[in-house]
Protein chains: 2
Amino acid sequence: MKYTGGSVILFGCGTEVAVAQARVSTREVVLAAVGLFTEYGFERTTMDGIATATGVSRRSLFRRFGSKEDILFSEHDELFTTVARYLDASPDDPLTAVHSAARMVFQGYLRDPEITLPRYRLVRAHPRLRDREVAMTARYQSAFSHYLTERSGAGLSLASGVVAASVIAAHNHVLRSWLRDPGEEEEAVWARFDDAMAYVSTAARPLLEPGSGARPGRVLVALYPSDADNDEVLRRIGSALEPDAF
Amino acid sequence: MKYTGGSVILFGCGTEVAVAQARVSTREVVLAAVGLFTEYGFERTTMDGIATATGVSRRSLFRRFGSKEDILFSEHDELFTTVARYLDASPDDPLTAVHSAARMVFQGYLRDPEITLPRYRLVRAHPRLRDREVAMTARYQSAFSHYLTERSGAGLSLASGVVAASVIAAHNHVLRSWLRDPGEEEEAVWARFDDAMAYVSTAARPLLEPGSGARPGRVLVALYPSDADNDEVLRRIGSALEPDAF
DNA sequence: TCCTATCCTGGCACTGAATGCCATGATTCG
DNA sequence: CGAATCATGGCATTCAGTGCCAGGATAGGA
């Protein structure tokens, strides 16, 4: 193990005692920083303030996190590398793999409300942080798109981009609703997430089918209630196929 | 008109002559800054350097543009407000309006290669600028999504988000190919743009039809060649409707 | 056990972005 | 012509971010 050494002066009983001190973990720093950002605002919190609050020197904070913003999004970065590795090694069919990857991202938010919830409030208040958050999700979208293009064939890069964008949009749709109301039952949240994913992937799968081509001659999309009669559906589709209907 | 006054000292024939000087336009500043960024790199170009190069004081640069990055994206901002205003006043049906709005954005790039092309190179080289570019397109996407939700009914917010994301993805797909190869015939570029838009809007329109609901019980998407027989299409759809097929 | 290479840390100094304050000059309105 | 308004630019200050360097801890080898 690294960083098990070092010593800290404890004040007690009038004596100073040297005690083994573990390196301040990334998570501890992030939690402290989030607390300061929330209490005093992002701009008004200085790196010096975070340094004194965490006991880590200002210089080391910059070395470990890169920038003040990066402290807020550090584990977002970790999650991204995890997801990217997962995709790279995934044996599933492309769309299912992307679906699972989106699930991992969503899980990353739900798992850590202590950080993601205050971060959401900060992101809403500060345009710069919002841009950063957006850029993070764009990285996922780009990774999804490249993955789909790679696995589905280069001729489908437009379709891949659209599908990736749709998956991310559906993910963000459910995510935002959770961030706004985190009190909801976790089971219900996951149900809505799966609904949204099914919604996009059902519509997306044909776009990525081999042989369909990047630009099909005709596309038909039908939406109908679950209790609709199959014959009725067929009849309506038949009328939709009339030359003047399209 | 504003800023037509002022005077500048010209050195000629050993005499100093006061001459009317127009305020340095935003565009001139942007062009000069882009030139410096390209020549010396974004980080190594200082605001002082831009100030001396343009004749505008450092302080005024910050006042007029907000930040160094903002100089690069200033007219992107203007374009956004134009597009947002257009959407707000658009009498067309929602999807067509969004289609036109995307066209305006694309036009904004094509119209001004002197800025957009070097900016693209800078954006590719610097992660921070890339994030900023991504955030800009996300603003369009968000505007499209809100507009569609507003016009199509609040129950369709998921569909609106997915459609907006798809439109932006298609837009970016064509845009990137142009940025990489700006030499292509403008007509051909527009043809590919319209193809991509048709590709997404054909698939998207049914999602926004009133009465379909935000989460339909069943969704069917069919892609088939233009020369397919209608009866054959119907037969296949009929078999797809069998309980075990879905 | 000792020595050494390596790595992390923190202190210091420096550059440069960004902001607040204020005086000046230009434009517009009455 | 006078007053109000506004953009400008100069100045000082704060603070993010970086380079440099020395000290302490750890791991590996003799």
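Tabulated values for the structure
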quantity	calculated
Single condition B:Gly49 does not satisfy, out of (1) modelled with pLDDT of 95 or more; (2) within 30 Å of B:Ala204 (Cα to Cα)	(2)
Every residue from region B:166-185 that is modelled with pLDDT under 95 and either within 13 Å of chain A (Cβ to nearest Cβ) or part of a helix (DSSP H, G or I) (or both)	none
Region A:67-79, residues that are within 12 Å of DNA strand D (Cβ to nearest atom), under 17 Å from A:Ser25 (Cβ atoms) and surrounded by fewer than 17 Cβ atoms within 10 Å (Cβ to Cβ)	A:Asp70
Hits in region A:131-151 - residues which are buried (at least 22 other Cβ atoms within 10 Å of the Cβ), more than 14 Å from the chain's Cα centre (by Cα) and more than 9 Å from chain B (Cβ to nearest Cβ)	A:Leu148
Residues within region B:80-91 that are surrounded by 13 or more Cβ atoms within 10 Å (Cβ to Cβ) and of a type outside the set (Phe, Trp, Tyr), tallied	5
Wholly enclosed helices (runs of 4 or more DSSP H) of region A:25-108 bearing at least 3 residues within 14 Å of A:Arg119 (Cβ to Cβ) and within 16 Å of DNA strand C (Cβ to nearest atom)	A:26-40, A:68-89
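The values are calculated or read from the model by the stated rules, or taken from the named source; none is laboratory data. On a predicted model such as this, the values are computed, not experimentally measured, just so you know. Cβ atoms come from the backbone with ideal geometry, glycine included; neighbour counts cover every protein chain shown.
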